[in-house]
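Chemist: Encoded as structure tokens, here's the structure I'll be asking about.
The values are calculated or read from the model by the stated rules, or taken from the named source; none is laboratory data. Because the structure is a prediction, the values reported are computed rather than measured. As a convention, Cβ positions derive from the backbone with ideal geometry for all residues, glycine included, and neighbour counts pool all protein chains shown. Keep in mind that these areas ignore ligands, DNA and RNA; they rest on the heavy atoms of the full protein, side chains included. Shrake-Rupley method; radii C 1.70, N 1.55, O 1.52, S 1.80 Å.
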Amino acid sequence: MDTTYDTEYYAHGTPAERWERGRLFFDAKEYTAAARVLAGLVEEVPEQTGPRLLLARAYYHSAQLGRAETELRAIVERDPVEQYARLMLGRTLERQGRHAEAGPHLRIAAALTGDFEEA
């Protein structure tokens, strides 16, 4: 396999074109390919939440849970009230069997949406 060609393909185009390509791969459930496109984009524009969140989702769906957790923690550190990142972080931790760590993130996500449990 020619990894140079692969790298060039996933990194080809403007940031907007790579964002669109990453979204197309994600929508087609080609999560590993989406992650390959989005990882380079996130390196280029680390301050943007959208590409990083989609990258985390691609990692989650392709069972790269450690990588998903890393991206989600970066989002939550920068924006503690990013509800979907909190929810995904909680679910990622749950999927790794780390339920005690997941709980606070899931409760914060629920609070941010006003979805409180009835007593």
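Chemist: Give the range of the longest stretch in the chain that excludes all trypsin sites (Lys or Arg not before Pro) found in loop regions by DSSP and having at most 16 other beta-carbon atoms within 10 Å.
Modeler: Values: sites that count: LYS29, ARG98.
No qualifying site falls inside 30-97, the longest such stretch.
Chemist: Return, for the Cα atoms of the stretch 1-82, the radius of gyration and Dmax in Å, separated by a comma.
Modeler: 12.3, 43
Chemist: While we're here: As a test of the formula, what do you get for the chain when each DSSP H run with n ≥ 4 contributes -39,500 (n - 2.57) and the sum is divided by the residue count, at 222 nm and rounded to the nearest 500 deg cm²/dmol? Write down the numbers at each step before the final one.
Modeler: Details: 7 runs with 91 residues, N = 119.
It lands at -24000 deg cm²/dmol.
Chemist: Still on this structure: Ranked by accessible surface with a 1.4 Å probe, highest first, in what order do LEU24, LEU55 come? Present the calculation step by step, with values, prior to reporting the outcome.
Modeler: On the way: LEU24 105, LEU55 0 Å².
The most accessible residue leads, giving LEU24, LEU55.
Chemist: What part of the accessible area of the chain, given as a whole %, is carbon or sulfur when the probe is 1.4 angstrom?
Modeler: Details: 3630 of 7090 Å².
Carbon and sulfur atoms account for 51 percent of the accessible area of the chain.
Chemist: Which length gain, in nm to one decimal place, applies between VAL45 and HIS61 when the Cα-Cα distance is subtracted from 0.36 nm times their residue separation? The partial results should precede the final answer.
Modeler: Details: separation 16, 0.36 × 16 = 5.76 nm, distance 2.24 nm.
Length gained, VAL45 through HIS61: 3.5 nm.
Chemist: Where Lys and Arg each count +1 and Asp and Glu each count -1, what net charge lies around ARG67 among other residues with Cβ under 15 Å from its Cβ? Please list the in-between numbers first.
Modeler: Details: positive: ARG36, ARG52, ARG57, ARG73, ARG91, ARG95; negative: GLU43, GLU69, GLU71.
With Lys, Arg at +1 and Asp, Glu at -1, the net is +3.
Chemist: Apply the Karplus parameterisation 6.51 cos²θ - 1.76 cosθ + 1.60, with θ equal to phi minus 60°, to every residue of the stretch 72-89 and state each ³J(HN,Hα) to the nearest whole Hz, in sequence, with x for glycine and proline.
Modeler: Each residue's phi maps through the Karplus curve to give 5, 5, 5, 5, 5, 5, 7, 9, x, 9, 6, 4, 5, 5, 4, 4, 5, 5 Hz.
Chemist: Of the GluC sites (Glu not before Pro) in the stretch 43-118, which ones lie in a loop per DSSP and count no more than 12 other C-beta atoms within 10 Å? Kindly include the intermediate steps, with their values, before the conclusion.
Modeler: Working: sites: GLU43, GLU44, GLU47, GLU69, GLU71, GLU77, GLU82, GLU94, GLU101, GLU117, GLU118; in loops: GLU47, GLU82, GLU117, GLU118.
In loop regions of the stretch 43-118 (DSSP not H, G, I, E or B), the sparsely surrounded GluC sites (Glu not before Pro) are GLU47, GLU117, GLU118.
Chemist: Still on this model: Could you state the angle between the C-alpha long axis of helix 49-61 and the longest principal axis of the C-alpha atoms of the chain, as a value from 0 to 90 degrees rounded to the nearest 10?
Modeler: Approximately 90 degrees, to the nearest ten.
Chemist: List, in order, the whole-Hz ³J(HN,Hα) value for each residue of the stretch 17-24 obtained from phi through the Karplus relation with A = 6.51, B = -1.76, C = 1.60 and θ = phi - 60°; use x for Gly and Pro.
Modeler: Ordered by residue, 3J(HN,Hα) equals 5, 5, 4, 5, 4, x, 5, 5 Hz.
Chemist: Using the Karplus curve 6.51 cos²θ - 1.76 cosθ + 1.60 with θ = phi - 60°, what ³J(HN,Hα) values do you get for each residue of the stretch 90-100, in whole Hz, with x for Gly and Pro?
Modeler: Values, residue by residue: x, 5, 5, 5, 4, 5, 8, x, 9, 5, 5 Hz.
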